[in-house]
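Working notes, beginning with the structure itself.
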Amino acid sequence: MNSINRTARIAGFLYFMYIVTSFIANWFGRFVSVDASVTVNHITAHESLFRIGFVISLFSYVLFLLAAWALYVLLESVNKNMALLFLLLNLGGFAILVLSHLNLFASLLLFSGADYLKVFQPDQLQAQAILFVNLYKNGSTIAQIPYGIWLFPLGYLVFKSGFLPKILGILLIADGFGLLIYICQRFIWPSYEIISYPCLVVSFIAELGLTLWLLIIGAMEQKPASIEVG
C-alpha cells in the first residue's frame, strides 16, 4: 500500500507541475487562448519572453508524459492492457504537440532578420508568422484527439481501481467526451465557441480534481475492487 500511495503522489506531483508550467509558459509566450496576431505582436515586442515560454511549454509536455507513465505504473495492476493503451495515446498527443511547436518556432524565425528573408516585405513576414501560429493552434487541437481518447481508459481504470474515488473516473470519462466535442467545435463550428465552454469546465474539474487527490491524499487504503488480466 505504501508503494501504491507513493506512486500516486508522484503522479499527482508530475501532473500538478505540468499544469503550473503550462500556465507559466503561456504567461511568458502568449501563444495559448489568444489570437495569432497577439502572439506575433508579442514576438516582435518581447522575443526573449517568447523564447522562454516556448522552452517551458516543451518541458511542460514532457512532465505530462511522465505523469502518464506514473499513472501507468499506478494502474497497471487493475488492467495492464488498458493502462498501456492510455500511455500510448498520451505519447501520440505528445508527438503531435512537439511537431506543432515547430510551426510556433517558425513564426519566430521569420523575424530573425536573416538575409534570405529580405525578399519579403514586413507585412508579408507578419502574415506568414500569423499563418504559422495558426498552424500551431490547429496542430494543438488535433493533439486533443489522442489526449481526449486517453481519458476513457484512464477514467475506466480510476473507476475500477478501488483505491481512487469512482467519481473521478466518471468525471474523466465525461472529460473525454467533452474534449471530442471541443475538437468538433473548433473545426466544424469555429464561430460557436460557446459550445465548448461547458466542456472546458468539466475538463478543469476532472483533471485538477485528479491531480489534487493524487498529490494530497494519494491512494485510499483498500484493495482494488477487481483485477483483470487484459
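Out of the residues in segment 28-57 that are aromatic (Phe, Trp, Tyr) and modelled with pLDDT of 95 or more, which is farthest from the chain's Cα centre (by Cα)?
Let us first name the residues in segment 28-57 that are aromatic (Phe, Trp, Tyr), namely 28, 31, 50, 54.
Filter once more, so that each one left must be modelled with pLDDT of 95 or more: 28, 50, 54.
Details: PHE28: 17, PHE50: 19, PHE54: 15 Å.
That would be PHE50.
Conditions tested, residue by residue: (1) touching a helix residue (DSSP H, G or I) at 6+ places or on another chain (Cβ under 6 Å); (2) of a type in the set (Phe, Trp, Tyr).
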position: LEU71; (1), (2): yes, no
position: PHE94; (1), (2): yes, yes
position: SER112; (1), (2): no, no
position: VAL119; (1), (2): no, no
position: PRO153; (1), (2): yes, no
position: ILE167; (1), (2): no, no
position: LEU171; (1), (2): yes, no
Are there any pairs, at least 6 apart or on different chains, whose C-beta atoms fall under 7 Å, with the first in segment 1-13 and buried (at least 19 other Cβ atoms within 10 Å of the Cβ) and the second of a type in the set (Ser, Thr, Tyr), and if so, which? GLY12/THR211
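Return the total of residues in segment 29-64 being in contact with a Ser or Thr (Cβ under 9 Å, 6 or more places away or on another chain), at negative phi and not polar (S, T, N, Q). Show your work before the answer.
Taking segment 29-64 and keeping what is in contact with a Ser or Thr (Cβ under 9 Å, 6 or more places away or on another chain), we get 29-32, 36, 39-40, 43, 50, 56-57, 59-61, 63-64.
Then keep just the ones that are at negative phi; that gives 29, 31-32, 36, 39-40, 43, 50, 56-57, 59-61, 63-64.
Within this subset, residues satisfying the condition of being not polar (S, T, N, Q) are 29, 31-32, 36, 40, 43, 50, 56, 59, 61, 63-64.
Within segment 29-64, residues that are in contact with a Ser or Thr (Cβ under 9 Å, 6 or more places away or on another chain), at negative phi and not polar (S, T, N, Q) number 12.
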Options VAL133, VAL158: the member that is within 20 Å of LEU88 (Cβ to Cβ), surrounded by 18 or more Cβ atoms within 10 Å (Cβ to Cβ) and not aromatic (Phe, Trp, Tyr): VAL158
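Within segment 5-17, does at least one residue satisfy the condition of being assigned to a helix (DSSP H, G or I), in contact with a Lys or Arg (Cβ under 8 Å, 6 or more places away or on another chain) and of a type outside the set (Gly, Ala, Ser)? Don't jump to the end; show me each part of the working.
Filtering segment 5-17 for residues assigned to a helix (DSSP H, G or I) gives 5-17.
Then drop every residue that is not in contact with a Lys or Arg (Cβ under 8 Å, 6 or more places away or on another chain), which leaves none.
Among the residues of segment 5-17, not one is assigned to a helix (DSSP H, G or I), in contact with a Lys or Arg (Cβ under 8 Å, 6 or more places away or on another chain) and of a type outside the set (Gly, Ala, Ser), which makes the answer no.
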Residue ID - surrounded by the fewest Cβ atoms within 10 Å (Cβ to Cβ), chosen from residues in segment 26-80 that are in a helix (DSSP H, G or I) and among the charged types (D, E, K, R): GLU47
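The rows are residues; the columns are (1) buried (at least 19 other Cβ atoms within 10 Å of the Cβ); (2) within 23 Å of LEU71 (Cα to Cα).
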| site | (1), (2) |
| --- | --- |
| SER107 | yes, no |
| LYS118 | no, no |
| THR141 | no, no |
| CYS184 | no, no |
| TYR192 | no, no |
| LEU200 | no, yes |
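The values are calculated or read from the model by the stated rules, or taken from the named source; none is laboratory data. In this text, all values refer to a predicted model and were calculated from it rather than measured experimentally. All Cβ positions, even for glycine, are placed from backbone atoms using ideal geometry, and neighbour counts span all protein chains on display.
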